[in-house]
Structure formats: structure tokens, C-alpha cells
Amino acid sequence: IYTEGSEFDVLKGAEGLLAKKAIEAIQFEYGGTYQSSGTTLFDVYSFLSSFGYQIYRITEGALIYIGNWHEKLENYNYTNYLAIHDNNSNFQ
């Protein structure tokens with residue numbers, strides 16, 4: 001999802017699909033546009049976690065699992081994230 005700060009709105013619009021576990025993986029961008037739109041990474045992290053998604057930061061050459069929320073993640077630096085439904089053990 002790359003919607004210039006509206007990623008959380010897109011995810012909320014897919015709430016029914018998320019609840020049905022119909023979406024296995026979601027890639028989304030995070031950055032300065034979140035601050036402009038009044039959205040936080042914590043909003044997205046909490047929302048997706050509530051549906052059983054595990055969140056990973058995408059870096060060059062690795063996925064970094066974000067098992068617990070850390071305030072330092074809310075830095076508005078442009079980063080891509082991947083959310084994988086926890087029923088998919090291939091990413092563990």
C-alpha cells in the first residue's frame with residue numbers, strides 16, 4: 001500500500017477481509033506523510049496486530065520482526081513494512 005499517508009484508511013476499509021483472514025500479506029510504506037495525515041505507525045501496528053498479523057520492517061537483505069511496539073519506531077523515516085498473518089509459518 002502506497003497512498004501517501006492514507007495507508008491506515010485503506011487498511012480500515014479492508015477490515016472485513018482482515019477479520020476473515022482473507023489477506024495473507026500486506027506491504028505498506030511508512031514515513032513523513034503519516035505525520036501530515038495525523039496517522040501513526042502505532043495505529044497501523046496495533047490495528048494489524050489485532051487481526052493476528054506479525055509486522056516486519058523491510059531492510060536491504062533482511063526482514064526484521066517487530067515483536068513488540070517500541071516508541072523509537074515512530075520516527076517518520078520512510079520505511080517499508082510487511083505484515084504477514086500469523087497462520088503463515090513460512091516467515092517465522
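The values are calculated or read from the model by the stated rules, or taken from the named source; none is laboratory data. Since we're looking at a predicted model, the values are computed, not measured. With ideal geometry, Cβ positions are generated from the backbone for all residues, glycine too; neighbour counts draw on all protein chains shown.
When the residues of segment 25-39 are filtered to those that are more than 13 Å from residue 79 (Cα to Cα) and modelled with pLDDT under 95, the one that is nearest to the chain's Cα centre (by Cα) is 39. For first residues located in segment 1-16 and free of Cβ contacts under 8 Å to residues at least 60 places away in the same chain, partners that are part of a loop (DSSP other than H, G, I, E, B) and of a type in the set (S, T, N, Q) and lie 6+ apart or on another chain with Cβ distances below 6 Å form the pairs 8/39; 10/3.
Checked against (1) surrounded by 13 or more Cβ atoms within 10 Å (Cβ to Cβ); (2) not in a loop (DSSP other than H, G, I, E, B), residue 1 meets all criteria but (2).
Would you call residue 12 outside any strand (DSSP E or B) and modelled with pLDDT of 95 or more? Quick ask: steps written out before the conclusion?
Working: outside any strand (DSSP E or B): yes; modelled with pLDDT of 95 or more: yes.
It is true that residue 12 is outside any strand (DSSP E or B) and modelled with pLDDT of 95 or more.
If you take the residues in segment 19-32 that are assigned to a loop (DSSP other than H, G, I, E, B) and among the aliphatic types (A, V, I, L, M), which one is surrounded by the most Cβ atoms within 10 Å (Cβ to Cβ)? Among them, the one singled out is 23.
Pairs linking a residue in segment 45-65 that is modelled with pLDDT of 95 or more to a residue that is surrounded by 14 or more Cβ atoms within 10 Å (Cβ to Cβ) and of a type in the set (Gly, Ala, Ser), with Cβ atoms under 6 Å and 6 or more positions apart or on different chains, are 48/83; 53/83; 55/83.
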